[in-house]
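*Asks:* Pasting in a structure now, in C-alpha cells, and then I'll have a few things to ask.
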C-alpha cells in the first residue's frame with residue numbers, strides 16, 4: 001500500500017446551529033457537537049483508507065467555548081497517524097458568529113477509527129505521512145497518545161469485568 005499525506009484525508013464540514021440543536025441555554029448540545037466530530041472523523045478516515053470504518057475510541061472532548069444558536073460550527077478533520085488497521089484522526093471545531101465574524105475554537109479531539117472489510121473484520125490501511133509543521137507536531141505525539149489509549153482501554157476492560165452486567169442495584 002502506498003503511503004498518503006495527511007492532507008489527502010482533510011474533511012471540512014460547516015453547519016448552521018438551529019434551535020433544535022440547542023439546549024435551554026441557547027447553546028449547541030454537547031452530544032450534538034460530539035456527533036458532528038464523529039461524523040467528520042469517519043469521513044476523513046474513510047477518505048484515507050477508502051474503506052468503511054468504525055469508531056474505536058474518542059479521546060476527551062473539552063468544550064472550550066460555547067456555540068450559540070445562529071452561529072456556525074465548522075469542523076476540520078484529518079488522519080494524523082496510522083497503525084495496522086487503525087487511524088488516529090484529529091478534529092478541530094471552530095464556531096463563528098455570522099454577524100460579527102468572530103471565530104473561536106470550541107473543541108479539539110482525537111478519534112481512533114478502524115477500517116473494516118465486507119465481513120466487518122479489521123483490515124489494513126495505508127500509512128500516513130505529515131508535511132506541514134502542524135501535521136508533524138501531531139504525528140510526533142501519536143505514539144504517546146496511542147499508548148495512553150491502550151492503557152485506558154485496559155482499565156475499561158478491567159472495570160467491565162469488575163462491574164459486569166449483574167449489579168446488585170439492578171435486581
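The values are calculated or read from the model by the stated rules, or taken from the named source; none is laboratory data. On a predicted model such as this, the values are computed, not experimentally measured, just so you know. Positions of Cβ are generated from backbone atoms using ideal geometry, with glycine treated the same way; all protein chains shown enter the neighbour counts.
*Asks:* Inside segment 37-152, counting only strands (runs of 3 or more DSSP E) that do not spill past its ends, which hold 3 or more residues that are surrounded by 20 or more Cβ atoms within 10 Å (Cβ to Cβ) and at pLDDT 95 or above?
*Replies:* Once the strands (runs of 3 or more DSSP E) in segment 37-152 are filtered for at least 3 residues that are surrounded by 20 or more Cβ atoms within 10 Å (Cβ to Cβ) and at pLDDT 95 or above, what remains is 72-82, 86-96, 103-116.
*Asks:* Which of the residues belonging to segment 1-24 are assigned to a loop (DSSP other than H, G, I, E, B) and either under 19 Å from the mean Cα position of the chain (by Cα) or without any contact (Cβ under 8 Å) to a residue 40 or more places away in the chain (or both)?
*Replies:* Passing the criteria: 10, 23, 24.
*Asks:* Do the conditions hold for residue 160, that is, is it buried (at least 17 other Cβ atoms within 10 Å of the Cβ) and either touching a residue at least 12 places away in the same chain (Cβ under 8 Å) or out of contact with any helix residue (DSSP H, G or I) (no Cβ under 9 Å at 6 or more places or on another chain) (or both)?
*Replies:* Spelling it out, it is not the case that residue 160 is buried (at least 17 other Cβ atoms within 10 Å of the Cβ) and either touching a residue at least 12 places away in the same chain (Cβ under 8 Å) or out of contact with any helix residue (DSSP H, G or I) (no Cβ under 9 Å at 6 or more places or on another chain) (or both).
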